[in-house]
Amino acid sequence: MDLEVRISEIRAQLEAETNTPPACPPEQQRRWERLRSKYVGREGMVRELFGIVARLPADQKAAAGRRVNEFKAEIEARLNGAAPAPVAAGPAVDKTLPGRAPEPGRRHPVYRTWEEIVRLFQRLGFDVVYGPEIETEYHNFEALNIPLEHPSRDAFDTFYVRKPYLLRSHTSPVQIRTMKERKPPIRVIAPGKVFRPDKPDAGHSPMFHQVEGLMVGEGVTFAKLKGVLDLFAKSMWGPDTKIRFRPSFFPFTEPSAEVDVSCFICGAKGCPACKQSGWMEILGSGMVHPKVLENCGIDPEKNTGFAFGMGIERIAMLKYGIPDIRLFYENHFGFLRQF
Ligand SMILES: [Zn+2]
């Protein structure tokens, strides 16, 4: 076989095999080892060329030998050009760098407030109870002594699912469910979502959260209600907080009272937050109406009870100085990160 022809063939083959783009480093290393063995190894192609030289006439051997050695150097140069890059001095991953931790979530201000209120009443011996968000007219209105002609029975004030089912407009139906299930003495706290078809604005949302409190038993008096709410207000806003009761009306309590706390921003001196009055309205309360006890099979001659209900968003707004209820539901990180 003609030496030059074979050299041209080998050169073409080597070029074809080293022209492909470098693969990943481990693959590049394996390929390089394979090519070295194939071309210049002990059983390689260069050795084959020396075989051809050995069979040449004696006067041609020296020149042909030099030719093969030149070609071998050419192959080595080409293989060295395709050699894997030396491993970088440092590791590709710097393990000493601080990691990029995923940003942990935080509890929503409404739920933080929810938990704070619930824990407080739990320490006073109240059980946490829950009721369905889809209620019946009976539990949401009738059993609570809200008569048919009461304005809040109007469809405009309640989301009806399909009569007699509705989205509960307050957590008070949980009082009814509890009194029907348990015998006095009863001490429960019922947090949850409530729904009203209000146009959203700074103070209104079609969905918000309430906490309902109920205590029923022998000798449960208005004085006990005052004591429990006074403790609540002092725990929530500090030991100097005062509360006051203003006469009010709810169909399911008699007597009924709105409860205000002394403004914790200005210390009851008067500021824009309390409209210069020194007081902030926080909840509605009263003694459970005897008819409501009767509706639940509890003897109103023997037992009395008090109930109160408050909006969790309102408490959170007062606690954190949040001016607009809609901020709770927009899930802007800038807002939520503050808590
Ligand atoms: Zn004030």
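At a Cα cut-off below 26 Å, give the lysines reachable from K38, other chains included and same-chain residues fewer than 8 away excluded. The reachable lysines, counting only those whose Cα sits under 26 Å from K38, are K61, K72.
Rounded to the nearest 20 debye, the dipole size of the range 202-272 about its Cα centre is 280 debye, using +1 on the Cβ of Lys and Arg and -1 on the Cβ of Asp and Glu. Overall, the ratio between the Cα radius of gyration of the range 1-74 and 2.2 N^0.38 Å, rounded to two decimals, is 1.26.
For the chain, the cysteines with no partner cysteine C-beta closer than 4.7 Å are C24, C296. For K180, the lysines whose Cα falls under 24 Å of its own Cα, not counting residues fewer than eight places away in the same chain, are K163, K193, K224, K291, K302.
Summing Cβ point charges (Lys, Arg +1; Asp, Glu -1) relative to the Cα centre of the chain gives a dipole of roughly 960 debye. Based on Cα atoms of the chain, Rg over Rh with Rh as the Kirkwood radius reads 1.58.
The DSSP beta bridges internal to the chain are antiparallel in roughly 95% of cases. Restricting the range 246-317 to trypsin sites (Lys or Arg not before Pro) that sit in a DSSP loop and have at most 12 other Cβ atoms within 10 Å of their own Cβ leaves K269, K275, K302.
Qualifying GluC sites (Glu not before Pro) in the range 279-339, where qualification requires a DSSP coil assignment and no more than 13 other C-beta atoms within 10 Å, comprise E301, E330.
Within straight-line reach of K199, meaning a Cα separation under 15 Å, sit the following aspartates and glutamates at least 8 residues removed in sequence or on another chain: D157, D324.
Bear in mind that the values in this text are calculations on the coordinates, not laboratory data. Because the structure is predicted, anything quoted here is derived from the model rather than measured. Please note: Cβ atoms are built from the backbone with ideal geometry, for glycine as well, and neighbour counts cover all protein chains shown.
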